[in-house]
Structures are given as C-alpha cells and as structure tokens.
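Below is one structure, written out as structure tokens; the observations come after it.
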Amino acid sequence: MKTLNFSFATKLTFDDYVHDHSFALRIIPPDTESQKILSCSLNLYPSVITKQTVDAFGNNVTAGYIQGDHRFLDFDIKGIAEVDSSKHSTFLMPCYRYQSKYTVPSEALIKFQNELKEKYDGNAFDKAVYYSDILSEIIEYKKGVTTTATTAAEAFDLRAGVCQDFSHILISLLRMDGIPARYVAGLAFCDGETHSWVEYWTGDHWEGFDPANNCPVNDDYLVISTGRDFRDCAIDRGVMFGRYTQQLQLVRSVLS
C-alpha cells in the first residue's frame, strides 16, 4: 500500500465569449477496492453551484451551469489517497465484453489479432503481456499525430500515438480474444498530464496493465474514471452557446 499526494488542474480557454454553458466533469477520483480517497478538494472558476452524481460506470460526475458570458473554465483538484494495487474489483459489467466506439477493429486489426492468436496461447494475463509486448515494438509513442477522437483502428494504421491509443488498441485485441477489458483514465508516475491504461478480466477480478509503458499497474497509479473507452472517461464535457471557433486546454498534474 502507498500513500499518494495528487493534484490536477485544467484551464479551458475559448477564443470568444460563450454563455449558457452546461458542463460535466469526471475529475474526482472514486473510492474503490484498490484506492481510498482520504481527502479531495475541487475548485472551479468561475465559481458556480454544482451537483455531484455517479454515472453507470461508478465514476464521480460534477455537473454545473454557467449562464453569463465567459471565456474560460478553470478547475483543479488536490488530495491524498491510499493505493493498494493488490486489491481488486470483482464486479464485471457485460458491456466490457463487446467492442465500443473507439475500439471497433478494422480488417487490418482483425487480421493482426488472428495472426497473434495462432502464435500464442495462455491465460488473460499472459495474453495482455504478449499483446502489449508486440504493440511496444510496432507502435511508436508519439504526440501530435492523433487526437482524442482517434480510434484504435486509425492509430493502428498510423503505427503511432499516445497512451489513449495504446489502450484502445490493447482493449480491442483483448475483446477480440474473448477477454473483457475496460479503459482507465487517471494519474500515473510517468506523466505531467492525465494518463490512461487498461484493466482486463482474469476470470474473477480486474487487473491493470499499462500498454504505453508496457508494464503492470502498481501503487503509483491513481484511477479517476473507468469505462468502455475514452468516450466514457473524458475529464470534461460541455454544451454552450457562443461564437467561439476553438477551445484551448492546458493541463498539468502531480502525483507523488
């Protein structure tokens, strides 16, 4: 078990004024079998009244509304957590067995997975490690070539991407092999931003694996949200009115 101090801050800046802005933030880490949140404070600017709910995947959701004109939304959290990666969740939602929007495989990815299956057999752990080893050899970790809208099939064709892309490809491969898998967004030892990794179903519990770093998840990882893919775990979502044409995002995080 390890005690972690964590902080995370995001600044959203719009290039023109917006108004009637409804937003939902998945930023407050949940209490789970493997982590206990000892303290967590959330700050929002502009300051507004918010409502705390929990979505279908067990993620904490902070919902709010800003009526007047504004050109930014800043939010940050700071807290302390106890993490014990030797403890595991034993609840499986059936949806994790099936491909989702970001993980639907192309013909090329299906062919690739079939070729791998013919060369190797093993349990869920063995396959997660094997697939991740292969991905670390053929996929280049490279920023700027993909976006948050890039799918597993697209990243596989590019042979490049970031942690989100590695996670989507591994999830797609595991699900094709009949192994339930889910996407995890959180904070980790390796990033100054948010990170993502994969949890796969062993048959009786969830285990974490980080394909971008090709290593099992340990006590240096803090879960913020889980879901079928990135779409279920996006830190911020919103609907607003205005003449803005783009939204700039500045993110920083610390985990120690």
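The values are calculated or read from the model by the stated rules, or taken from the named source; none is laboratory data. Please read these numbers as outputs of a predicted model, since none were measured by experiment. Glycine also receives a Cβ, built like all others from the backbone with ideal geometry; neighbour counts cover every protein chain displayed.
Below, the figures for the structure above:
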{"quantity": "Residue 3 being surrounded by fewer than 19 Cβ atoms within 10 Å (Cβ to Cβ), of a type in the set (S, T, N, Q), in contact with an Asp or Glu (Cβ under 7 Å, 6 or more places away or on another chain) and over 18 Å from residue 237 (Cβ atoms)", "calculated": "yes"}
{"quantity": "Odd one out for residue 32 among (1) in contact (Cβ under 8 Å) with a residue 24 or more places away in the chain; (2) hydroxyl-bearing (Ser, Thr, Tyr); (3) in contact with a Ser or Thr (Cβ under 9 Å, 6 or more places away or on another chain); (4) over 21 Å from residue 208 (Cα atoms)", "calculated": "(4)"}
{"quantity": "First in region 128-153 and modelled with pLDDT of 95 or more, second anywhere and β-branched (Val, Ile, Thr) and part of a helix (DSSP H, G or I), Cβ under 8 Å, 6 or more apart", "calculated": "135/169; 139/169; 152/169; 152/171"}
{"quantity": "Of the criteria (1) in a loop (DSSP other than H, G, I, E, B); (2) at pLDDT below 95, which one residue 73 fails", "calculated": "(1)"}
{"quantity": "Strands (runs of 3 or more DSSP E) contained entirely in region 158-256, each with at least 3 residues that are touching a His at 6+ places or on another chain (Cβ under 7 Å) and crowded, with 17+ Cβ neighbours inside 10 Å", "calculated": "181-188"}
{"quantity": "Single residue of region 2-15 satisfying the filter (touching a Lys or Arg at 6+ places or on another chain (Cβ under 9 Å) and among the hydrophobic types (A, V, I, L, M, F, W, C)) that is farthest from residue 32 (Cα to Cα)", "calculated": "14"}
{"quantity": "Verdict on residue 53 being among the β-branched types (Val, Ile, Thr), in contact with a His (Cβ under 7 Å, 6 or more places away or on another chain) and exposed (fewer than 14 other Cβ atoms within 10 Å of the Cβ)", "calculated": "no"}
{"quantity": "Search result, residues across region 158-214 that are within 12 Å of the chain's Cα centre (by Cα) and of a type in the set (D, E, K, R)", "calculated": "165, 182, 193, 199, 210"}
{"quantity": "Filter result for the condition that a residue is in contact with a strand residue (DSSP E or B) (Cβ under 6 Å, 6 or more places away or on another chain), on the phi < 0 side of the Ramachandran plot and assigned by TED's automatic domain parsing to the domain that holds residue 75, over 239, 217", "calculated": "239"}
{"quantity": "Residues of region 100-117 satisfying the condition of being closer than 30 Å to residue 220 by Cβ and within 19 Å of the chain's Cα centre (by Cα)", "calculated": "100, 101, 102, 103"}
{"quantity": "Test: residue 11 is under 25 Å from residue 256 (Cα atoms), surrounded by 13 or more Cβ atoms within 10 Å (Cβ to Cβ), at pLDDT below 95 and charged (D, E, K, R)", "calculated": "yes"}
